[in-house]
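Undergrad: Take this structure first; my questions come after.
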Amino acid sequence: MKKFNILLLLIFTYSFVFSQNWQERFYSPQSNEKKSVSNFYDIQKSFNDYWENYDLKGGYYHKNGKKYKASGWKQFKRWEWFWETRINRETGEFPEINIFEIQKDIQKRQDTKADLSNWVSMGPNSSGGGYAGLGRINCVAFHPTDDNIIWIGTPSGGLWKTINGGATWSVLNDNLSVIGVSEIVLANDYLTSNTIYIATGDRDGGDNYSIGVLKSTDDGANWNQTGLSFNVSNRYRITRLLMHPTDGDTIYATTNGGIYKTIDGGVNWASQYTNKIFFDLEFKPNCEDTVLYAATYSYSGTPEIYKTKDGGSTWSSIYTFPTTASRVEMDVAESDSTVIYAMACTTEGGLDGVYRSDNSGVTFTKVYDGTVENKNLLNWTVLDTEDDKTGQGGYDLTLSVLPSNEDVLYLGGINTWKSVDGGVTWTANNVWTSYSLYNPDGKPVVHADKHYMEYQDENTFFEANDGGIYKTEDGGVNWMELTNGMVISQMYKLGVSATVKNEVVTGLQDNGSKLISSGNWSDVNEGDGMECLIDYNDVNVQYSTYVNGEIDRTTNHWVSSVHITDESRITGGPNGAWVTPYVIDPANNETLYLGYEDIWKTENRGNSWTKISNLSLANKIRSIAISPGDNNVLYITDHDNFYKTTNGGTTWTNLTVNLPGITNNPSITYITVDFNNPQKLWITYGGYGSKKV
């Protein structure tokens, strides 16, 4: 992350300004509202229309002479980048496929010959903890009798298990078509049945949509689809999976399309409240046969808490939040089952407040008002010194109560807060950075954006965030990171050394750019890491990129680095695609070509740049290929157009009409040129069609 000028932004589609904000509409898949915002282009247009009147660049805008973060801008741009090459380009529709079933069919028909390839994982698989991280984690589950056995679920890195308290980890679902996991449930008879359920997909970020609930009866070695099955085009997210504590055949699932329940171990599921969007579900301790509480989500305000007294047959609304509220998270005290806590964020992502009921939901009292000045606990700083009431509550929001004391609880947003008086007052427990502007009291540094919190026992507390899995055994005085050994990073691009074996620099979503050198991983840059390059003659010269083509260069192997695309070097500053391409000239390692709306060229490693095209591609350049055999020959593409120069950029020829005609007009994703013959090249397409290369 850019600690000093970028702050903390994370995954997906929430944007907040002053009053009403732009958000991706988490419509129920069955609702009439969804039909009016039914495809990728509708969502994209909604985002662009909202920000059209703001002077927005790089995720920031200005008001009254002050610079503000467009909260959620980065989350949307990540989502947009992921899906724009996977949709039907003609209609904007998401792929109407059941990936799980397709993969099973392919596996049945595939060649049975042995795989002779020899791929070895290089990582990233290690982190120093604190501010640094490896990747986002959605959930955690604990073994019923052995505290050293833990499972964690990630949005894109799969389901992982440790049997030694986090010293080492193994992955359990690498062979699934969708390896994102939003919830893990162990069967009540797990010790004898080895049965595990997982909710697939990515609850908070939407990096991948759910294909339903999967079940394993052999401790995760093999997985089968249950009766709750979705296609990707349904855009379902499973937000909570909850098993009855004594009846293992009874399981509840909350989704953006209502609540589902099975009473036969997942074979059949009955739906409830299909037009409501639910983000949380909790049992009332000792009353699990009948009483549950469910919290809805509303992008336009007034979420509610529902209660059932008959195991979900009927539900009634017991509390309605203010019209400024959006997402709600709950927890019920085990020490006193009449105590319920609910935390609501505003439609701007800041804290609406913390609510408490002492009578099983008959009434709720707002014990902490987050809308009061200096009370927004969901902001980036622990000192709310500006008139910024925003945050990322729609993306990172979690709440957990100490099992033995209903007055002790943790609240997670960008930072982690703790209350010991029933939510009336809060103290920052850990902060995402050591930078004094945001952490003036020197609180423990733990990676930002909290997605899941859970007590393993009275003294051991875990939190899952965008950097990994962390735990404290002393009430938050000290925090230990346990992610080392997992390979869960969401990687954009990488650069490989041509002179030093196994040296690679790679860009990761929200966990910076990392370098492996001499077998060790280190952090070389912050924020979202994109395209990275290593000079083919001098390994000490390397490049890493932040979003939209903001490039850093080192000439001393990252002892120090410098920005080379600021406005003093390039007119307008970084202005590329979310993942901006750039290449090193194969004949002159001090010459680089960079693609924004046009091609820029440097002959001194970025100290100065010259624009060498006048194409003004509104969709931004997505791929650059330069011929190793003739460095005057360059090819560039955006998603649709294809250009070539044979004289180093003096003139460009539009060759788009020569591209192969493919049904549904899929996006161009990459282009590369033969090493010896500049006339021989390959192009790749996205989408789910049969023709890809």
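The values are calculated or read from the model by the stated rules, or taken from the named source; none is laboratory data. Note that the coordinates shown come from a computational prediction; the quantities given were computed from them, not determined experimentally. Cβ sites come from the backbone with ideal geometry, for glycine too, and all protein chains shown count toward neighbours. Accessible surface is based on the protein model in full, side chains and every heavy atom, while ligands, DNA and RNA are left aside. Shrake-Rupley method; radii C 1.70, N 1.55, O 1.52, S 1.80 Å.
Undergrad: At a threshold of 8 angstrom on Cα-Cα distance, excluding pairs fewer than six apart, so keeping six or more, what relative contact order does the chain reach in percent?
TA: 10 percent.
Undergrad: Another question, if that's okay. Rounded to the nearest 10 Å², what accessible area does Ile263 show when all protein chains are kept and the probe is 1.4 Å?
TA: Surface open to solvent at Ile263 totals about 120 Å².
Undergrad: Further question: So for each of 432-443, 646-657, 275-286, 343-354 I average, over its residues, the number of other beta carbons within 10 Å; can you give me the resulting order with the highest mean first?
TA: Sorting 432-443, 646-657, 275-286, 343-354 by mean packing, highest first, produces 343-354, 275-286, 432-443, 646-657.
Undergrad: Considering the Cα trace of the chain, what is its radius of gyration and what is Dmax, both in angstroms?
TA: Cα radius of gyration and Dmax of the chain are 25.3, 78 Å respectively.
Undergrad: Which sequence of Asp247, Asp147 reflects their accessible areas, 1.4 Å probe, from the largest down?
TA: Solvent-accessible surface, decreasing: Asp147, Asp247.
Undergrad: Oh, and also: Can you give the calculated 222 nm mean residue ellipticity of the chain, where each DSSP H run of n ≥ 4 adds -39,500 (n - 2.57) and the sum is split over every residue, rounded to the nearest 500 deg cm²/dmol?
TA: -1500 deg cm²/dmol
Undergrad: Here's a follow-up. Could you pull the accessible area for Cys287 with a 1.4 Å probe, rounded to 10 Å²?
TA: 40
Undergrad: Ignoring any ligand, DNA or RNA, what whole percent of the accessible area of segment 328-481 comes from carbon and sulfur when the probe is 1.4 angstrom?
TA: Result for segment 328-481: 45 percent of the exposed heavy-atom area is carbon or sulfur.
Undergrad: Taking all protein chains together and a probe of 1.4 Å, list His563, His244, His62, His557 from the most accessible to the least accessible.
TA: The residues order as His62, His563, His557, His244, largest area first.
Undergrad: Further question on the same structure: Can you grab the distance from the C-alpha centre of segment 561-615 to the C-alpha centre of segment 208-284, Å, no decimals?
TA: Result: 48 Å between the Cα centres.
Undergrad: At a Förster radius of 30 Å, what calculated FRET efficiency corresponds to the Cβ-Cβ distance of Thr274 and Thr363, to the nearest 0.05?
TA: Efficiency, rounded to the nearest 0.05: 0.55.
Undergrad: Moving on to the next point. Given points 7 Å out from each Cα along the Cα-Cβ axis, report the Leu56 to Ile106 separation in nanometres with one decimal.
TA: 3.5
Undergrad: Solvent-accessible area per residue for segment 626-674 at a 1.4 Å probe radius, Å²? Could the numbers behind the result be given before it?
TA: On the way: 2150 Å² over 49 residues.
Solvent-accessible surface per residue comes out at 44 Å².
Undergrad: Now a separate question. If you find the alpha carbon centre of segment 40-71 and of segment 648-677, how far apart are they in angstrom?
TA: Cα centres, segment 40-71 to segment 648-677: 32 Å.
Undergrad: Here is a further query. Determine the shape class of segment 315-356: with a ≥ b ≥ c the square roots of the Cα gyration tensor eigenvalues, call it rounded for a/c under 1.5, and otherwise prolate if a/b is greater than b/c, oblate otherwise.
TA: oblate
Undergrad: How much accessible area per residue does segment 258-315 have, counting only protein heavy atoms and a probe of 1.4 Å, in square angstrom?
TA: 38
Undergrad: Here's another thing I want to ask about it. Express in nm, to one decimal, how much length is gained between Asn194 and Asp264 on full extension, taking 0.36 nm for each residue of separation and deducting their alpha carbon distance.
TA: In short, 23.5 nm is gained.
Undergrad: Report the full-extension gain for the segment Ile662 to Val424: residue separation times 0.36 nm, less the Cα-Cα distance, to one decimal in nm.
TA: Details: separation 238, 0.36 × 238 = 85.68 nm, distance 6.07 nm.
Roughly 79.6 nm would be gained on extension.
Undergrad: Mind giving me the FRET efficiency for His557 and Ser121? R0 is 25 Å, r the Cβ-Cβ distance, nearest 0.05 is fine.
TA: Rounded to the nearest 0.05, the efficiency is 0.55.
Undergrad: Also: For segment 277-398, compute the number of Lys pairs whose alpha carbons are separated by less than 24 Å, excluding pairs fewer than 8 positions apart on the same chain.
TA: Taking the Cα cut-off of 24 Å, the pair count is 7.
Undergrad: On to the next question. In nm, to one decimal, how far is the Asp147 label point from the Trp682 one, both placed 7 Å along Cα→Cβ?
TA: Using points 7 Å along Cα→Cβ, the separation is 5.2 nm.
Undergrad: Given a 1.4 Å probe, how much area per residue of segment 146-249 is accessible, in Å²?
TA: Here the residues of segment 146-249 average 31 Å² of exposed surface.
Undergrad: Which distance in nm do the two modelled labels at Asn478 and Thr338 give, with both placed 7 Å along the Cα-to-Cβ direction?
TA: 4.0
Undergrad: Could you rank Leu634, Leu176 by how accessible they are, 1.4 Å probe, largest area first?
TA: Sorted by accessible area, descending: Leu176, Leu634.
Undergrad: Further question: Would you please classify the overall shape of segment 115-247 from the alpha carbon gyration tensor, given that a ≥ b ≥ c denote the square roots of the eigenvalues, rounded means a/c under 1.5, and beyond that prolate means a/b larger than b/c while oblate covers the rest?
TA: It is rounded, given that a/c, with a ≥ b ≥ c, falls under 1.5.
Undergrad: Can you give the FRET efficiency for Ser436 and Ser404, using 1/(1 + (r/R0)^6), R0 = 45 Å, r = Cβ-Cβ distance, to the nearest 0.05?
TA: The computed FRET efficiency comes out at 0.80.
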